[in-house]
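The values are calculated or read from the model by the stated rules, or taken from the named source; none is laboratory data. Given the structure is predicted, the values throughout are model-derived calculations rather than measurements. Please note: Cβ atoms are built from the backbone with ideal geometry, for glycine as well, and neighbour counts cover all protein chains shown.
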Amino acid sequence: MKTIYKILSGCVVLSSVAILPAFASAVTVTNPGFCANLNTFYTQFYPAVQQNVANLQSKIQQNGGLIKSVRAKEDQALATARTNANTRKEQYYTQLETKATTDEQKSAVQTFEASIDAAVLAKQSAIDAAIKTYRDGIDAIVAQEQPIIQQAGPVFQSAAKAAFDKATSSCNSGTSSTTVKATLKSDLKAAKDQFKSAVNAGNAINSQINTLKSARNAAYNAAASAYRTSVQVATTTLKVAFQ
């Protein structure tokens, strides 16, 4: 059963958390005096459900902050890489300018530098646009699917309480313990199935995320390819001036 958000490289996916730890043991209890012990059963089962629903809500909130944290680290890493690349580029420019002795060579170096600067800017702009499109897509998915996960827990909690209230009423009206137990088990299973159905609807986001990732990676590759082509053309032209 999958419910909470996990972040992987700035991407939101769904992971597992035990929201119903008491359910399995609750519905398999063998107790001939079921009605007599129903209240004890309830006090063991229901608080655990309440706590796990609360934990689920807390996890959702925490993951919202985690997305921001991961993106901040990614942005910092990208900024650092660009700063380092720019430093190397300027150092190379200095070397070229030192080697250029004729007017033709100096002009060629200036043209080369302008071409490279334009290629770098184009690559960075394309990557920035790809990152924004990807993140905007993730944010839209989270905004759409998070309420499903948030609501699933409280809905199950309410259904579980209603099932116990129904069982208590049946016990009080003289229904046999065997019948009450079987009905409660069935009602809790229905509540659990409803919960799983809601969560599985949220899990459908995985395919959407993969589509976003593929589009982002394709944009990265296209930007890198265009940059390499521009560098090759500029380098070829520069070499002519130094022959």
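Results for (1) closer than 22 Å to Ile141 by Cβ; (2) surrounded by 12 or more Cβ atoms within 10 Å (Cβ to Cβ); (3) in contact (Cβ under 8 Å) with a residue 60 or more places away in the chain; (4) of a type in the set (Asp, Glu), shown as yes or no for each residue.
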| residue | (1), (2), (3), (4) |
| --- | --- |
| Phe45 | no, yes, yes, no |
| Gln50 | no, yes, yes, no |
| Lys59 | yes, yes, no, no |
| Ile67 | yes, yes, yes, no |
| Glu74 | yes, yes, yes, yes |
| Thr83 | no, no, no, no |
| Lys89 | no, yes, no, no |
| Thr94 | no, no, no, no |
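Would you point out which residue out of Gly137, Gly202, Gly153 is modelled with pLDDT of 90 or more, within 22 Å of Ile60 (Cα to Cα) and either surrounded by fewer than 18 Cβ atoms within 10 Å (Cβ to Cβ) or under 30 Å from the mean Cα position of the chain (by Cα) (or both)? Explain how you work it out, then say what you get.
On the way: Gly202 fails: modelled with pLDDT of 90 or more; Gly153 fails: modelled with pLDDT of 90 or more.
Of the residues listed, the single one that is modelled with pLDDT of 90 or more, within 22 Å of Ile60 (Cα to Cα) and either surrounded by fewer than 18 Cβ atoms within 10 Å (Cβ to Cβ) or under 30 Å from the mean Cα position of the chain (by Cα) (or both) is Gly137.
State which residue is farthest from Gln208 (Cα to Cα) when the search covers only region 123-134 and only residues that are small (Gly, Ala, Ser) and crowded, with 17+ Cβ neighbours inside 10 Å. Quick ask: steps written out before the conclusion?
Let us first name the residues in region 123-134 that are small (Gly, Ala, Ser), namely 125-126, 129-130.
Next cut, crowded, with 17+ Cβ neighbours inside 10 Å only: 126, 130.
Working: Ala126: 22, Ala130: 16 Å.
Among them, the one singled out is Ala126.
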Exercise for review: Tell me which of these Ala162 doesn't satisfy, since it passes every other one: (1) among the small types (Gly, Ala, Ser); (2) touching a helix residue (DSSP H, G or I) at 6+ places or on another chain (Cβ under 9 Å); (3) surrounded by fewer than 17 Cβ atoms within 10 Å (Cβ to Cβ); (4) more than 30 Å from Ser186 (Cβ to Cβ).
Suggested key: (4)
Review point. How do the pairs read when you match residues in region 222-239 that are closer than 15 Å to Ser107 by Cα and in contact (Cβ under 8 Å) with a residue 60 or more places away in the chain with residues anywhere that are part of a helix (DSSP H, G or I) and not polar (S, T, N, Q), using Cβ under 6 Å and keeping only pairs 6 or more apart or on different chains?
Key: Ala234/Phe112; Ala234/Ile116; Leu238/Ala108; Leu238/Phe112
Check your understanding: Hey, Ile138 hits all of (1) in a helix (DSSP H, G or I); (2) closer than 29 Å to Ala36 by Cα but one; which does it fall short on?
Key -> (2)
Review point. Residue check, Ala218 against (1) more than 30 Å from Ala122 (Cα to Cα); (2) within 26 Å of the chain's Cα centre (by Cα), all met but one. Which one?
Key: (1)
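Mind telling me which of the residues Lys161, Lys132, Lys106 ends up being charged (D, E, K, R) and touching a residue at least 24 places away in the same chain (Cβ under 8 Å)?
Numbers: Lys132 fails: touching a residue at least 24 places away in the same chain (Cβ under 8 Å); Lys106 fails: touching a residue at least 24 places away in the same chain (Cβ under 8 Å).
Going through Lys161, Lys132, Lys106 in turn, just one is charged (D, E, K, R) and touching a residue at least 24 places away in the same chain (Cβ under 8 Å): Lys161.
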Point to revise | Pairs where the first residue, in region 170-199, is of a type in the set (Ser, Thr, Tyr) and surrounded by fewer than 12 Cβ atoms within 10 Å (Cβ to Cβ) and the second is outside any helix (DSSP H, G or I) and modelled with pLDDT of 90 or more, C-beta under 8 Å, 6+ apart | key: none
Check your understanding: What is the number of the single condition among (1) closer than 30 Å to Thr102 by Cβ; (2) out of contact with any Phe, Trp or Tyr (no Cβ under 8 Å at 6 or more places or on another chain) that Ser186 does not meet?
Key -> (1)
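If the requirement is being closer than 30 Å to Lys192 by Cβ and either more than 35 Å from the chain's Cα centre (by Cα) or of a type outside the set (Ser, Thr, Tyr) (or both), which of these qualifies: Ala85, Ala114, Ala143, Ala129? If you could, list the steps in order and put the result at the bottom.
Details: Ala85 fails: closer than 30 Å to Lys192 by Cβ; Ala114 fails: closer than 30 Å to Lys192 by Cβ; Ala129 fails: closer than 30 Å to Lys192 by Cβ.
The conditions single out Ala143.
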